[in-house]
Structures are given as C-alpha cells and as structure tokens.
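Okay, so here's the structure we're looking at.
The values are calculated or read from the model by the stated rules, or taken from the named source; none is laboratory data. Computed from a predicted model, the values in this text were never measured in an experiment. With ideal geometry, Cβ positions are generated from the backbone for all residues, glycine too; neighbour counts draw on all protein chains shown.
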C-alpha cells in the first residue's frame, strides 16, 4: 500500500518487507530500533519510499 505524506511517497510495512526481502517483523524491529524512519497512522506504520529504495540498494546481490 502506498500513501503520500508530507508530499513524499510512503509504503506500508508489508510492501517495504517485500521490496527489501525481509520479514514484516524485521521491518517493525528496524522501526523500533530507529534504523528505519516511519510515520504511524492509526495502527499502521508507513516508511518513506526513498528509505526503502536506499535499503534495497544496500543489500548484497544474492544472484552473484
């Protein structure tokens, strides 16, 4: 799920986990630890899409 907050695209935890290749719980843990910035709306967290893309670029290429 995508959402625009403060003129910036954000994705929910499930979408962030899918893109980065980790579990939903890992994303929630990173948010709790301050490793990943997020906005909480109701019961859901939304992560800035640029932060998700940054983490995708940082992940080692598993196809090598």
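Results for (1) farther than 22 Å from residue 59 by Cβ; (2) touching a helix residue (DSSP H, G or I) at 6+ places or on another chain (Cβ under 8 Å); (3) surrounded by fewer than 16 Cβ atoms within 10 Å (Cβ to Cβ); (4) at pLDDT 95 or above, shown as yes or no for each residue.
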| residue | (1), (2), (3), (4) |
| --- | --- |
| 14 | no, yes, yes, yes |
| 18 | no, no, yes, yes |
| 24 | no, yes, yes, yes |
| 45 | no, yes, no, yes |
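Residues checked against (1) part of a helix (DSSP H, G or I); (2) in contact with a strand residue (DSSP E or B) (Cβ under 8 Å, 6 or more places away or on another chain); (3) touching a residue at least 40 places away in the same chain (Cβ under 8 Å):
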position	(1), (2), (3)
11	no, yes, yes
22	no, no, no
28	yes, yes, no
31	yes, yes, no
37	no, yes, no
53	yes, no, no
56	yes, no, no
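In this structure, does residue 47 turn out to be in contact with a strand residue (DSSP E or B) (Cβ under 9 Å, 6 or more places away or on another chain) and in a helix (DSSP H, G or I)? No, not satisfied.
Candidates are the residues of the range 50-64 that are under 16 Å from residue 22 (Cβ atoms) and surrounded by 10 or more Cβ atoms within 10 Å (Cβ to Cβ); the one that is modelled with the lowest pLDDT is 59.
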